[in-house]
Structure formats: C-alpha cells, structure tokens
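Inspection log for the structure reproduced underneath, given as structure tokens.
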Amino acid sequence: MRTAIISDSHLGSGSGSDLLGREQFVETLLAALEGTDRLVLLGDTIELRDRPVGEALDASRLFFEGIGRALGTGEVVLVPGNHDHRLLGHWLERVRDRTTT
C-alpha cells in the first residue's frame, strides 16, 4: 500500500502563504499522488483562523477535486489540527446523536 502524508498545508489562508496560490506546487503534488492508495492529511489542512469554514472550503474546492481525481478509489484520512478542528464538529454531533438515541 502506498501512503502519502501532507501536514500543515493551511489551505484557504488569507495571509498569502496559502499553498493553493502556488500553481506549480499544486500540479507537482497532484502528479505525485497518482497511484497512491491512501492520503493522510495530518492536521491544519484547512486554515479556519482567517475566514469562515464555508469560505475556506470554497477556496480549497478545486484542490480537493484534484485530489479526488489523483486518488481515484484511494482513501483519504483527515486528522484535524488546531486550525481546522471545526471541520469535524457537525460530524461528531451526528455520531453522538446516533449513539445516544
């Protein structure tokens, strides 16, 4: 099994350090993911300190679509960090509601 790990990408950052603004980097990364079975996004994938969740996700949409094309049926594992933990809030609430009813 081939696994790729990406950490601290801070996608959607309003600070100008956002990797999404570096087209060559994105193209190289997506090409490297071809044939990967699993991608681990190891914390601080989406930058939620600078803008609301919806805006950060919209800014990252094309990148994630590219990951989907590169991985095909591969698996994505999301480990939340301190800048993107709010992504899991609604999911955790649904899991809690299902297990307590």
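The values are calculated or read from the model by the stated rules, or taken from the named source; none is laboratory data. Worth saying up front: this structure is predicted, and the values here are computed from it rather than measured. With ideal geometry, Cβ positions are generated from the backbone for all residues, glycine too; neighbour counts draw on all protein chains shown.
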query: Which members of region 30-89 meet the condition of being under 13 Å from residue 4 (Cβ atoms), at pLDDT 90 or above and small (Gly, Ala, Ser)?
result: 31, 32, 70, 74
task: Give the number of residues within region 32-77 that are surrounded by fewer than 16 Cβ atoms within 10 Å (Cβ to Cβ) and either touching a Cys at 6+ places or on another chain (Cβ under 6 Å) or at positive phi (or both).
output: 2
